[in-house]
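Nothing in this text is a laboratory measurement; each read-out follows from the coordinates by a stated rule. Everything numeric here is computed off the predicted structure, so don't read it as measured data. When we count neighbours, we look across all protein chains shown, and the Cβ atoms used for this are built from the backbone with ideal geometry, even at glycine.
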Amino acid sequence: MNLAHALLKALHAYGAKEIFGIPGDFALPFFKQIEQSGILPLYTLSHEPGVGFAADAAARFHSTLGVAAVTYGAGALNMVNAVATAYAEKSPLVVISGAPGAAEGEMGLGLHHQVKHLDSQLLVFREVTCAQAVLDDPASAPEEIARVLTACRELSRPVYIEFPRDMVDADCRGVPGYKPAKTLPVAAQDCAEEVMELLKAAERPALLLGVEVRRYGLEDKVATLAKKLAIPALTSFMGRGILAETDAPLAGTYLGLAGETGVRRLVERADGLLMLGVILCDTNFGVSKRQIDMRHTVHAFDSEVRFAHHLYPSLTLPALVDALIDIAEPLGKASPVSMTYPTGLKADGDSIKPIDVATAVNDLFAAHGKMPIASDMGDCLFSAMEMVHTPLVAPGYYATMGPGVPAGLGVQVAAGERPLILVGDGAFQMTGWELGNCRRLGLNPIVLVYNNRAWGMLKAFQKDVSYNDLDDWKFADMAKGLGGHGVRVHTRAELADALQAAHADTSQFRLIEIMIPREFISTTLDRFTSTIRKRSALAQET
């Protein structure tokens with residue numbers, strides 16, 4: 001077989017379901033093979049950041065490989081920010097970039113799309129991927145492909161494959177199949193026994209769940225573990241959406257001082273805290289009033305388990321969860337806080353606040369069933385914390401602007417379900433135009449644009465400046481030209497009506513431009529930014 005077919009078959013065998021991409025001259029031979037082979041469906045978008053965000057979202061939703069294919073230089077370098085997001089938030093994204101052939105590199109001339117050296121792009125991607133390969137030798141290519149795809153699956157982080165265009169039709173062997181790393185059963189058993197001893201001795205045990213639970217497809221198993229332990233189970237901010245499709249009871253989402261007091265106390269006062277797959281970062285813990293006591297905390301992350309002065313290296317999260325399920329027993333030492341959400345929107349002529357959007361969405365879900373959510377960064381994400389617990393994709397740690405719309409398209413492709421997209425007007429200006437691909441790709445998301453004519457989260461940090469203000473772009477008027485339907489709403493009654501109409505119309509994407517006065521922000525965002533400001537001021541004083 002040729003090298004392109006070998007790569008495509010390996011992607012499929014290792015778990016990829018589709019490819020998102022934008023063609024370019026150095027990638028045209030590979031794109032032709034993608035289309036002609038039919039091994040994986042191809043979804044083309046308009047701008048490389050959108051390609052990266054969509055493929056990342058599909059990876060998160062599938063709990064398996066997402067694939068982004070682009071051209072050399074101007075294409076791949078355009079996507080670095082999206083790949084950095086995937087790296088920071090542990091998403092298994094495969095980046096495939098076309099590249100100049102060997103003869104072109106020997107011409108002695110600078111090639112178009114080249115930056116400094118021909119390998120400059122490779123050097124850049126080494127910083128934001130966990131493994132890299134250049135497929136310039138058909139003899140070694142199969143093992144190289146297997147090596148990077150294995151790293152992508154096991155580390156749940158992006159990898160980079162550079163594919164010279166003169167190698168696409170080269171003859172090669174098939175790619176070796178995936179061989180998962182093995183964990184010593186005795187290590188997993190010993191660790192699980194120590195964890196259970198800690199939880200049994202604790203008066204206030206708790207379970208905190210993070211992104212790796214989703215990344216490694218462990219939600220059903222973790223739900224089983226949570227029910228067997230019978231202790232409060234919570235998600236981190238980044239882990240919002242975990243267990244949403246299971247029957248396991250959740251006590252809430254931990255947001256530190258930005259969240260509910262009862263939920264915060266379950267985590268911060270726990271004397272036996274089991275953290276599964278939680279990223280230790282400021283957005284997960286930086287708004288905490290009290291530091292987590294690591295002496296009484298088990299942290300399973302990045303294929304190792306740490307607690308007190310103990311370290312179990314090379315112990316994967318799946319292996320630990322399996323070992324814990326085998327020996328878990330009901331502890332029942334604390335009553336979980338029930339998750340409650342605002343419902344019953346008062347559909348009147350009052351202006352719309354972020355909490356009203358959450359309430360209206362909850363009413364919609366109650367009437368018609370839940371939808372998966374893709375959210376951008378900003379107050380749309382913080383108001384999503386007030387929405388009914390449902391699968392959620394969002395850049396909660398890296399906090400880049402722009403994933404919302406393309407991530408929503410990636411979610412619909414991956415899930416086969418109509419998603420709800422939450423995006424601010426600032427982020428929509430960046431990547432909202434990817435909605436123009438919906439008609440061609442057969443996608444029909446419902447898009448809620450939070451339009452306060454500002455970079456709202458930045459304005460929450462800096463209230464006394466004008467450079468965070470934006471003009472009014474009238475996004476609803478543009479929806480028709482993009483192939484959908486748009487409506488602008490100013491009141492709660494208009495919002496309720498628009499959501500019902502959007503849900504009823506499945507023939508196209510529906511965009512609801514929600515006009516929110518600049519002075520209105522969600523309670524969660526207000527608490528979050530206030531705490532961060534205070535922490536920053538204290539750090540500067542000391």
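Distance between the 7 Å Cα→Cβ label points at ASN2 and GLU193: 5.8 nm. Is region 354-527 best put as rounded, prolate or oblate by its Cα gyration tensor, with a ≥ b ≥ c the root eigenvalues, rounded for a/c under 1.5, and otherwise prolate when a/b is larger than b/c, oblate when not? Since a/c stays below 1.5, the shape of region 354-527 is classed as rounded.
For the pair LYS228 and LEU441 in one chain, pulling the backbone fully straight at 0.36 nm per residue adds 72.3 nm over the alpha carbon distance.
With R₀ set to 35 Å, the beta-carbon distance separating ALA366 from ASP282 gives a calculated FRET efficiency near 0.55. For the chain, with equal point scatterers placed on the C-alpha atoms only and solvent neglected, what are the log10 I(q)/I(0) values from the Debye formula at q = 0.07 1/Å, to two decimals? Log-scaled intensity ratios, in q order: -0.41. For the chain, the mean residue ellipticity at 222 nm estimated from helices alone is -11500 deg cm²/dmol, where every DSSP H run of n ≥ 4 contributes -39500 (n - 2.57) and the total is divided by all residues, rounded to the nearest 500. Give me the tail of P(r) for region 28-107 as a percent: Cα-Cα pairs with distance above 19 Å. The calculated P(r) of region 28-107 puts 40 percent of pairs beyond 19 Å. Cβ-to-Cβ counts within 10 Å put THR253, THR340, THR390 in ascending order as THR340, THR390, THR253, the fewest first. Quick check on region 169-257: take the gyration tensor over C-alpha atoms, sort the square-rooted eigenvalues as a ≥ b ≥ c, and tell me if it's rounded (a/c under 1.5), prolate or oblate. The shape class here is oblate.
In this structure, the amide hydrogen of GLY272, modeled 1.01 Å from its nitrogen in the peptide plane, lies closer than 5 angstrom to those of ARG204, ALA206, counting only residues at least 5 positions away or on a different chain. With each label modelled as a point 7 angstrom along the Cα→C-beta vector, the ASP220-THR246 pair spans 1.1 nm. Computing FRET efficiency as 1/(1 + (r/R0)^6) for ASP293 and LYS480, where r is the C-beta to C-beta distance and R0 is 45 Å, gives about 0.20. DSSP beta bridges fully contained in the chain are about 15 percent antiparallel. Here the simple spin-label model places points 7 Å from the Cα toward Cβ, and for THR44 and ILE325 these points are separated by 4.3 nm. Annotation: extensible slack from LYS179 through ASP271 equals 29.3 nm (criterion: 0.36 nm per residue apart, minus Cα-Cα distance).
Each of LYS90, LYS9, LYS200 has some number of other Cβ atoms within 10 Å of its Cβ, and from fewest to most they run LYS200, LYS9, LYS90.
By the beta-carbon count within 10 Å of each Cβ, the least crowded to most crowded order of PHE20, PHE61, fewest first, is PHE61, PHE20. Database remark: amide H of THR44 closer than 5 angstrom to the amide H of GLY21 (H placed geometrically; neighbours at sequence offset of 5 or more, or on other chains; Pro and chain starts carry no H). For a modelled paramagnetic label at SER120, 7 Å from Cα along Cα-to-Cβ, the residues of region 47-84 in reach, with backbone nitrogen under 17 Å, are 71-81. Please state the shape class of region 3-167: rounded when a/c is under 1.5, otherwise prolate if a/b exceeds b/c and oblate if not, all from the C-alpha gyration tensor. Taking the square roots of the gyration eigenvalues as a ≥ b ≥ c, region 3-167 is rounded.
Our coupling estimate for region 428-433, obtained by passing each phi through the Karplus curve with A = 6.51, B = -1.76, C = 1.60 and θ = phi - 60°, is 5, 4, 7, 10, x, 6 Hz, Gly and Pro reported as x. Residue by residue, region 309-323 carries 3J(HN,Hα) couplings of 9, 9, 9, 10, x, 6, 10, 6, 5, x, 5, 5, 4, 4, 5 Hz when phi is fed to the Karplus relation 6.51 cos²θ - 1.76 cosθ + 1.60 (θ = phi - 60°); x denotes Gly or Pro.
Remark: region 148-160, residue by residue, has Karplus-estimated 3J(HN,Hα) of 6, 5, 5, 4, 4, 5, 7, 8, 6, 9, x, 10, 10 Hz, where x stands for each Gly or Pro and the curve is 6.51 cos²θ - 1.76 cosθ + 1.60 at θ = phi - 60°.
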